[in-house]
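The next block holds one structure in the form of structure tokens; read it before the comments.
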Amino acid sequence: MAEAERITGTPETGPESRPAAAPATGGNAAGSDEAGAEAGGAARKGKRRIGTLFLVAVVVYLLDLGSKALVVAKLEHHAPVEVIGSLLRLEVIRNRGAAFSIGEALTIFLTIIAAIVIVVIIRIARKLYSLPWGIALGLLLGGAFGNLTDRIFRTPGVFEGAVVDFIAPAHFAVFNLADSAIVCGGILIVFLSFKGLDPDGTVHKD
């Protein structure tokens, strides 16, 4: 009889053949699902990009600081140096205004704005998981620190110092590397916002 049951495929009724019990649907299961979702969200975000932000900021700051020291030592009070004929020259200009010589009568106000921008960027850095945002904010932070250093330490006085500009394209305002970093960082932030990418690495669609 047992041989006939084996051949015809009659199911066994032993303990091993019983179906597994359905998982519980109580509060513990719901809690574990929520915890799993939170863990999954953290995994999708990846690692923080604070290191990227500060690395980019330090590189921008050092390049800006070094270039200003070099041109002040070598070019100030000298004739402009032509890099590409009359299209691009190096000429030292002391600027008490904002980027591209805008608002020269608002030096202290512009200094305060730069300090506020730095504080805001540092606060955003606590929830920064996006690499492009890390680069963009690093450009802004390094540029802001570069020009703020001039405001604090250069003549005519603390918080009223004139920023050193030296890149002089034809038919355009004179600027420096810090200005360039600020503009590039701003453009990148606009692009990332348009694409729906947030600093925390999430993507939203309006």
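The values are calculated or read from the model by the stated rules, or taken from the named source; none is laboratory data. Small disclaimer: the values here were computed from a predicted structure and weren't measured. With ideal geometry, Cβ positions are generated from the backbone for all residues, glycine too; neighbour counts draw on all protein chains shown. Please note that ligands, DNA and RNA were not included when accessible areas were found on the heavy atoms of the full protein model with its side chains. Shrake-Rupley method; radii C 1.70, N 1.55, O 1.52, S 1.80 Å.
Look at the dipole of region 50-186 built from charges on Cβ: of THR52, ILE93, ALA136, the Cα furthest out on the positive end belongs to THR52. In region 131-206, which chymotrypsin sites (Phe, Trp or Tyr not before Pro) are in a loop and have at most 12 other Cβ atoms within 10 Å, using DSSP for the loop call? Sparse-neighbourhood loop chymotrypsin sites (Phe, Trp or Tyr not before Pro): PHE172. Counting only heavy atoms of the protein chains and using a 1.4 Å probe, ILE182 has close to 60 Å² of accessible surface. Taking a point 7 Å out from the Cα of ILE112 in the direction of its Cβ, the residues of region 134-178 whose backbone N falls within less than 15 Å of it are 159-160. Cross-link partners for LYS195 among the lysines, with Cα-Cα distance under 25 Å and sequence neighbours closer than 8 places in the same chain left out: LYS45, LYS47, LYS127, LYS205.
An oblate overall shape is assigned to region 78-206, the ratio a/c of its alpha-carbon gyration tensor axes (a ≥ b ≥ c) being 1.5 or greater and a/b not exceeding b/c. About the centre of its Cα atoms, region 99-206 shows a dipole size close to 340 debye [charges on the beta carbon of Lys, Arg (+1) and Asp, Glu (-1) only; nearest 20 debye]. What is the calculated FRET efficiency for LEU197 to ALA173, with r their C-beta to C-beta distance and R₀ = 35 Å, to the nearest 0.05? My answer for the efficiency is 0.65.
The label-point distance for ARG94 and LYS205, in a model that sets each label 7 Å from Cα toward Cβ, rounds to 5.6 nm.
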